[in-house]
1. On the protein heavy atoms, probe 1.4 angstrom, tell me the percent of accessible surface of region 85-168 carried by carbon and sulfur.
2. Of all beta bridges DSSP finds with both residues in region 11-148, what is the antiparallel percent, to the nearest 5?
3. Roughly how many whole Å is it from the C-alpha centroid of region 161-178 to that of region 1-80?
4. Ranked from the most accessible area to the least, with a 1.4 Å probe and all protein chains present, what is the order of Ile93, Ile6?
5. What's the FRET efficiency of Ala210 with Thr272 using the Cβ-Cβ distance as r and R₀ = 45 Å, to the nearest 0.05?
6. Find the Cα radius of gyration of the chain, compare it with 2.2 N^0.38 Å by division, and give the number to two decimals.
7. For a Förster distance of 25 Å, can you work out the FRET efficiency between the beta-carbons of Glu229 and Ser121, rounded to the nearest 0.05?
8. Which order do peptides 41-48, 184-191 fall in by mean Cβ count within 10 Å, highest first?
Amino acid sequence: MNIRQIEIFKAIMETGSVTAASNRLNISQPAASKHLRLMEQATGLVLFDRTGNRLIPTAEAQALFDQVERSYRGLDHLSRFVSALRQHPAGEICVAAMPMLARQWLPELLGQFLSEHTNVSLSFPVRSSGWIADAVVSGQVEIGLGLRVADAANFEQETIMRVPLVCIMQPEHPLASQSIIHAKDLSPYTLITLSNFDQWRLTVENALEADGAKPARTVDTFTTQVAGELVQRGVGVAIIDALTALDYAKAGLQWRLFKPSLMFDITLMRSTYKPASGLARTMIELMRSGAKRTELMLVDAGAFGHANS
């Protein structure tokens with residue numbers, strides 16, 4: 001019994017005659033009759049009682065037809081699934097990001113992605129760039145977003161966005177009267193820094209040391225969000241990324257350009273061993289376009305060289 005025989009049997013059951021079945025399938029009547037005869041021989045079943053030119057299905061034919069219909073319904077379901085998979089891939093994806101991007105920037109992109117891919121499950125760990133790089137290499141994470149790491153063995157790093165660091169403070173803070181904050185200007189004040197956060201602290205400390213700046217006090221925290229919250233509560237000033245600073249400006253804080261200019265490259269990390277899935281390719285393109293829009297927004301805001309008013 002083969003697929004062609006089953007197809008002809010199904011058509012005969014649905015149309016009620018060999019002639020109608022052969023017309024539906026665009027084959028000759030003798031060919032349809034031959035396939036039916038071969039099917040009966042292969043199965044050892046009498047599928048139709050022949051009365052003149054009429055074919056009357058036997059009980060065995062009806063039972064077999066029920067099974068054939070179930071199989072065809074399964075194929076129809078599979079076909080629809082493949083079509084849906086092509087248009088809206090189902091599955092899961094793991095995207096890891098550093099805290100700076102996980103506060104608002106990336107959740108907005110992920111929200112858009114998930115609204116367009118309703119069958120997709122997401123894992124979204126928030127870790128340091130070093131952890132993300134290791135997870136990408138080991139295959140735990142499909143896409144990573146973080147600062148560029150020195151050891152790039154077995155994974156790719158693509159810079160998709162550059163983000164400057166700026167200084168944020170309360171409006172009444174003495175430094176708010178300046179359009180540019182130099183490292184030495186921080187000496188009399190409390191500086192909120194980011195400890196154990198990729199190369200962030202080392203970068204800022206090097207800038208302070210080069211300018212001979214020694215803040216009166218430092219307060220270490222782990223994320224830019226916590227740093228912003230501490231500034232809001234009058235603890236001191238903080239050097240944070242322009243993305244977070246612009247967000248806190250909506251809450252009334254002031255930001256100023258920081259000199260020397262410090263810039264971080266946001267990189268997209270991918271394993272060199274594992275090809276990107278269709279879901280990952282879609283997500284990556286969304287990230288790239290989102291990064292371009294964000295850089296333009298930072299340029300318009302003056303974060304790359306023009307202080308805000």
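The values are calculated or read from the model by the stated rules, or taken from the named source; none is laboratory data. Here the structure is a predicted model, which means the values were calculated and not measured. Cβ coordinates were reconstructed from backbone atoms using ideal geometry, including for glycine residues, and neighbour counts include every protein chain displayed. Accessible surface areas use protein heavy atoms only, side chains included; no ligands, DNA or RNA. Shrake-Rupley method; radii C 1.70, N 1.55, O 1.52, S 1.80 Å.
1. In region 85-168, the share of accessible area belonging to carbon and sulfur is 46 percent.
2. Roughly 35 percent of the DSSP beta bridges within region 11-148 come out antiparallel.
3. Result: 79 Å between the Cα centres.
4. Putting Ile93, Ile6 in descending order of accessible area: Ile6, Ile93.
5. 0.80
6. The value comes to 1.71.
7. 0.20
8. My ranking of the peptides, most packed first, is 184-191, 41-48.
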